[in-house]
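A.B. asks: Sharing a structure with you now.
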Amino acid sequence: MGAFPASFNARLNRHGSLDLFEIVTLDAGFCSLAIATLILQANRGHVIALRNNQPDLLAEARRVLPPLTHQNPDAVTEWE
């Protein structure tokens, strides 16, 4: 986790102009404001797992996210 900023920045410096990726996916151990901010400042999206080991953050997500999950999808495919 502590090595993520240096690793992420190294990849951006080496490959960032190629637009090889738009979204970063990370395990729950990487769930922090600092890491999310770093990714967003690089104009990338992120999906970070959230688990019970961060109870305050999990409670806030459960409070804020349900209204967002009950929206009609923009598109639907047969396999979803």
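A.B. asks: Of the residues that make up segment 57-75, is at least one within 17 Å of the chain's Cα centre (by Cα), among the polar types (S, T, N, Q) and either outside any helix (DSSP H, G or I) or surrounded by 13 or more Cβ atoms within 10 Å (Cβ to Cβ) (or both)?
C.D. replies: Pass one, segment 57-75, residues within 17 Å of the chain's Cα centre (by Cα): 57-58, 60-62, 64-65, 68-69.
Among the residues that remain, those that are also among the polar types (S, T, N, Q) are: 69.
Pick out the ones that are also either outside any helix (DSSP H, G or I) or surrounded by 13 or more Cβ atoms within 10 Å (Cβ to Cβ) (or both) and you get none.
No, segment 57-75 has no match at all.
A.B. asks: Checking the condition of a type in the set (A, V, I, L, M), free of Cβ contacts under 8 Å to residues at least 60 places away in the same chain and touching a helix residue (DSSP H, G or I) at 6+ places or on another chain (Cβ under 9 Å), which residue from LEU26, LEU65, LEU12 passes?
C.D. replies: Working: LEU65 fails: touching a helix residue (DSSP H, G or I) at 6+ places or on another chain (Cβ under 9 Å); LEU12 fails: touching a helix residue (DSSP H, G or I) at 6+ places or on another chain (Cβ under 9 Å).
Unique residue meeting the criteria: LEU26.
A.B. asks: Scan segment 1-47 residue by residue and report those that are surrounded by 14 or more Cβ atoms within 10 Å (Cβ to Cβ), assigned to a helix (DSSP H, G or I), of a type outside the set (A, V, I, L, M) and modelled with pLDDT of 90 or more.
C.D. replies: Once the filter is applied, which keeps residues that are surrounded by 14 or more Cβ atoms within 10 Å (Cβ to Cβ), assigned to a helix (DSSP H, G or I), of a type outside the set (A, V, I, L, M) and modelled with pLDDT of 90 or more, segment 1-47 yields PHE4, PHE8.
A.B. asks: So, in segment 17-29, exactly how many residues are within 13 Å of LEU50 (Cβ to Cβ) and touching a strand residue (DSSP E or B) at 6+ places or on another chain (Cβ under 6 Å)?
C.D. replies: 2
The values are calculated or read from the model by the stated rules, or taken from the named source; none is laboratory data. None of the values given here were measured: they were computed from a predicted structure. Cβ coordinates were reconstructed from backbone atoms using ideal geometry, including for glycine residues, and neighbour counts include every protein chain displayed.
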